[in-house]
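Q: Sharing a structure below in structure tokens format, with a few things to ask.
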Amino acid sequence: MSYSNIEKLLLMLEESKRFYDFDKIKRAYTFAAEMHEGQYRVSGEPYILHPVAVAQIVAQLGMDTDSICAALLHDTVEDCGTKVNLQVITQQFGSEVAMLVDGLTKLVHIPFEDKEEEHMENLRKMFLAMSKDVRVIFIKLCDRLHNMRTLSVKNDEKRRKTALETMQVYAPLAHRLGIQRIKQELENLALSYLDPIGYAEVKGDIEVKYGENRDFIFSIKKQITDKLQENGFNFELDGRVKSVYSIYRKMFNQNKSLDEIYDFYAVRIITHTELECYTVLGIIHDTFKSIPGRFKDYISTPKPNLYQSLHTTVIGREGIPFEVQIRTQKMHEIAEYGVAAHWKYKSGEKGKEDIDRRLEWVAKLVETEDDTRDPDEFMRALKVDIFQDEVFVFTPKGDVINLPQGATLVDFAYAIHSQVGNRMVGGKINGAIAPIDRCPQNGDIVEILTSNTSKGPSRDWLSMVKTSEARNKIRQWFKKEKRTENITVGKSEVDRELKRYGRPYTPAQRDEICYHISSRMGYQQADDLYNALGYGGITLAKIGVKLKDEFDRIIKPAIPELPSDETQIPVRPHKRNFSGVIVDGVDGCQVKFAKCCNPLPGDSIVGFITKGFGISIHKRDCPNVAELSAKEESQDRFVSAYWDTEATQTKQGGENLYEAHLQIFAENDMMLLANITRALADMKVTLHQINTQNKGGDMILNLTIGCKNTDHFKSIISRVKTIDKVTDVKRGYA
Ligand code: MN
């Protein structure tokens with residue numbers, strides 16, 4: 001077994017001058033080497049060379065001890081059978097390493113196959129969602145990079161499959177995370193397997209063209225160097241050619257020849273400060289003629305993946321255009337290593353704020369509870385829960401279905417097809433029967449059991465499902481399949497609401513009410529409204545106001561009308577009470593007369609259900625009635641009340657049972673009081689109370705009297721008005 005690779009790795013770590021737990025790394029290596037003992041790669045090399053190579057790439061990204069350990073151990077759980085499990089890893093290397101290894105192991109099971117682009121995006125999201133920690137993705141990318149570097153030993157089919165997957169999943173992820181260096185290498189390697197001829201052609205063309213123009217490249221580099229040195233700049237210059245894949249894509253996607261590609265030649269200038277970038281740009285534009293519209297300032301407006309740089313295209317000798325990229329060292333590292341570049345900076349080094357700002361997009365991507373921490377720690381604890389609100393699950397065929405968190409098997413069924421949902425009779429998660437309201441988790445394989453004899457969805461499903469898609473499809477089904485049933489359901493929904501209004505109505509009246517609402521809503525007939533309520537197309541809440549409107553209009557206003565003709569008073573089996581009042585719908589209830597208006601038999605009255613004092617009877621025109629009926633909370637406390645004419649006229653007819661208030665306005669006169677009391681006595685009116693107020697020369701007398709009914713009261717008023725010095729008589733108090 002070769003130890004040279006691990007020694008190379010350790011040497012590299014030592015040279016990096018960063019802090020590593022060398023003992024832990026060595027233990028991880030020894031553990032992995034033991035576990036992979038006797039395993040060989042297709043190339044015939046010992047298997048352990050692969051994890052070590054991956055760990056090297058991980059170390060190049062500047063990642064931490066735990067990441068390097070996880071890289072060394074990444075294939076042990078997957079490949080070494082029962083010898084290794086997460087418990088063993090946790091015991092020996094701690095929970096962080098175990099978590100990373102677990103994340104890497106889980107990613108193995110995502111079946112990336114030749115899928116359409118829409119599925120690819122879901123797969124990429126799932127990949128991110130399943131990597132609990134961003135380090136898992138970085139290690140996975142390093143793993144993939146090493147596999148791509150050593151892909152040539154595999155058979156054709158395996159190469160094609162791996163290369164395609166790399167192009168569709170891994171390179172875009174590397175791009176999203178801003179790791180340009182890995183992205184480019186992955187793309188170039190993948191292309192070389194997917195289109196070997198095209199790759200060779202473009203690569204050859206580039207080399208030829210580059211060779212032909214070696215002088216050109218040399219001369220512009222020299223020109224730039226001289227100019228910048230003249231201005232006293234300290235900088236690095238890199239003349240380079242675009243990656244084969246990026247040229248290839250431009251040539252084939254935009255159908256351009258190599259000569260038409262402006263940024264075929266590129267020079268990169270790396271400065272120390274942002275300000276220098278702009279100064280250098282000025283010098284470049286002074287020295288060369290620039291092509292209008294080709295200048296891009298990604299420093300003030302970074303790309304979504306955090307890339308920062310100034311780009312401009314200028315024309316060099318012999319009219320050959322070339323691109324100039326200007327950036328600081330840090331921008332350069334971010335461009336090469338993306339988020340991982342963060343590990344390359346120690347806290348305390350200058351520009352911590354700078355890093356924080358650059359990591360903002362990751363922070364946006366990844367919610368953290370506390371973003372005030374040191375960026376080092378922040379990154380370590382970074383959780384990839386970008387898609388925490390989403391769940392990615394598989395169909396048995398391997399398609400990925402994207403559902404919101406908390407979605408059920410029913411949602412899943414409808415996400416596949418409405419016919420699957422409508423014929424659903426059960427479901428399985430990872431092969432085991434599961435209740436249909438179970439919520440599948442990331443990576444679960446979900447199978448829906450259907451039957452042609454299924455009776456269709458159940459109404460409970462409407463409250464069970466999480467997605468509006470499923471809800472709409474279920475409603476559609478009910479709308480189409482169950483009109484009769486919906487109408488029944490709709491009617492009972494309406495009844496439930498109308499009963500709350502507390503006044504009796506007939507089914508015909510309900511239909512009339514709903515007919516009016518239907519036409520207001522553009523339906524043909526009441527049944528359409530019931531149907532819509534039944535399948536959930538509209539909710540009761542939505543038509544509540546209209547329902548109340550029509551109800552009040554058709555049944556009775558909020559305050560019941562007292563029949564004017566006494567013969568119309570229904571003789572109902574209501575319990576008669578001594579008040580002489582029949583209260584509609586409420587038997588054996590305590591009745592009292594409201595002091596505010598003192599109703600008399602013959603007055604239009606209404607009952608009001610008080611809190612704890614039975615029913616108080618008001619005159620319908622009492623100001624308090626108007627006030628109470630205007631308040632929503634007291635509206636349904638009104639009840640119909642009628643005078644029991646028989647009782648008030650015969651049984652108790654001879655008695656002055658009812659209190660009334662009388663207000664008399666008069667000029668001050670010695671005899672006034674005597675005249676009034678005499679008149680009342682003549683009319684056999686009981687006088688309960690009397691008080692007088694003097695207002696200048698005038699008097700106001702407030703009397704409480706007992707009388708029989710309104711007619712009696714009216715005759716009292718007429719009689720009192722005839723008394724000498726009386727100017728006016730009114731009912732009630734002023
Ligand atoms: Mn591997």
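The values are calculated or read from the model by the stated rules, or taken from the named source; none is laboratory data. Here the structure is a predicted model, which is why all the values come from computation and not from measurement. Counting neighbours? That spans all protein chains shown, and the Cβs are built from the backbone with ideal geometry, glycine included. Note: accessible area is taken over every heavy atom of the protein model, side chains too, but ligands, DNA and RNA are not part of it. Shrake-Rupley method; radii C 1.70, N 1.55, O 1.52, S 1.80 Å.
Q: Test Ile89 against the criterion of being assigned by TED's automatic domain parsing to the domain that holds Lys183, at pLDDT 80 or above, away from the ligand (no atom under 11 Å from the Cβ) and touching a Leu at 6+ places or on another chain (Cβ under 7 Å), and give yes or no.
A: Here the answer is yes, as Ile89 does meet what is asked.
Q: I'm trying to understand the selection: among the residues of the stretch 409-438, which are open to solvent by 50 Å² or more (accessible area, probe 1.4 Å) and of a type in the set (A, V, I, L, M, F, W, C)?
A: Passing the criteria: Ile416, Val425, Ala432, Ile433.
Q: Where in the stretch 579-647 are there strands (runs of 3 or more DSSP E), lying fully within it, with 2 or more residues that are of a type in the set (A, V, I, L, M) and modelled with pLDDT under 80?
A: On the way: elements: 581-583, 591-593, 605-609, 615-619, 638-643.
Qualifying strands (runs of 3 or more DSSP E): 581-583.
Q: Is at least one residue of the stretch 146-162 outside the structural domain of Ser243 (by TED's automatic domain parsing), at pLDDT below 80 and either away from the ligand (no atom under 13 Å from the Cβ) or not in a helix (DSSP H, G or I) (or both)?
A: no
Q: On to the next question. Among the residues of the stretch 497-533, what is the count of those that are in contact (Cβ under 8 Å) with a residue 40 or more places away in the chain and within 37 Å of the chain's Cα centre (by Cα)?
A: Pass one, the stretch 497-533, residues in contact (Cβ under 8 Å) with a residue 40 or more places away in the chain: 497-498, 500-505, 509, 512-513, 527, 530-533.
Restricting the remaining residues to those that are within 37 Å of the chain's Cα centre (by Cα) gives 497-498, 500-501, 527, 530-533.
Of the residues in the stretch 497-533, 9 are in contact (Cβ under 8 Å) with a residue 40 or more places away in the chain and within 37 Å of the chain's Cα centre (by Cα).
Q: Separate question: Against the definition (under 46 Å from the mean Cα position of the chain (by Cα), open to solvent by 50 Å² or more (accessible area, probe 1.4 Å) and without any contact (Cβ under 8 Å) to a residue 60 or more places away in the chain), how does Gln56 come out, yes or no?
A: Here the answer is no, as Gln56 does not meet what is asked.
Q: If you check every pair at least six apart or on different chains, which have Cβ atoms under 8 Å apart with a residue in the stretch 604-629 that is within 19 Å of Ser579 (Cα to Cα) and open to solvent by less than 30 Å² (accessible area, probe 1.4 Å) first and a residue that is in a helix (DSSP H, G or I) and of a type outside the set (Asp, Glu) second?
A: Matching pairs, first to second residue: Val606/Val625; Phe608/Val625; Phe608/Leu628; Phe608/Ser634; His618/Asn624; His618/Val625.
Q: Just to be sure I understand, how many residues within the stretch 248-304 are open to solvent by 80 Å² or more (accessible area, probe 1.4 Å), within 23 Å of Met331 (Cβ to Cβ), in a helix (DSSP H, G or I) and among the hydrophobic types (A, V, I, L, M, F, W, C)?
A: Residues in the stretch 248-304 being open to solvent by 80 Å² or more (accessible area, probe 1.4 Å), within 23 Å of Met331 (Cβ to Cβ), in a helix (DSSP H, G or I) and among the hydrophobic types (A, V, I, L, M, F, W, C): 1 in total.
Q: Tell me which residues, restricted to the stretch 163-172, are surrounded by 24 or more Cβ atoms within 10 Å (Cβ to Cβ) and either under 21 Å from Asn442 (Cα atoms) or within 14 Å of the ligand (Cβ to nearest atom) (or both).
A: Answer for the stretch 163-172, where residues must be surrounded by 24 or more Cβ atoms within 10 Å (Cβ to Cβ) and either under 21 Å from Asn442 (Cα atoms) or within 14 Å of the ligand (Cβ to nearest atom) (or both): Thr166, Tyr170.
Q: Assess whether Leu107 counts as being touching a Lys or Arg at 6+ places or on another chain (Cβ under 7 Å), within 14 Å of the ligand (Cβ to nearest atom) and at pLDDT below 80.
A: Judged against the criteria, Leu107 is a match.
Q: Which one is farthest from the ligand (Cβ to nearest atom), of the residues in the stretch 73-86 that are out of contact with any Leu (no Cβ under 9 Å at 6 or more places or on another chain) and either among the acidic types (Asp, Glu) or part of a helix (DSSP H, G or I) (or both)? Spell out the reasoning first.
A: Our first condition is that a residue be out of contact with any Leu (no Cβ under 9 Å at 6 or more places or on another chain); within the stretch 73-86, this holds for 76, 79-83, 85-86.
Still in the list and also either among the acidic types (Asp, Glu) or part of a helix (DSSP H, G or I) (or both): 76, 79, 81-83, 86.
Numbers: Thr76: 10, Asp79: 9, Gly81: 16, Thr82: 19, Lys83: 17, Leu86: 17 Å.
Looking at residues that are out of contact with any Leu (no Cβ under 9 Å at 6 or more places or on another chain) and either among the acidic types (Asp, Glu) or part of a helix (DSSP H, G or I) (or both), I get Thr82.
Q: Determine whether Arg214 is under 29 Å from Val134 (Cβ atoms), basic (Lys, Arg) and open to solvent by 40 Å² or more (accessible area, probe 1.4 Å). Talk me through it step by step, then tell me what you get.
A: Values: under 29 Å from Val134 (Cβ atoms): no; basic (Lys, Arg): yes; open to solvent by 40 Å² or more (accessible area, probe 1.4 Å): yes.
Here the answer is no, as Arg214 does not meet what is asked.
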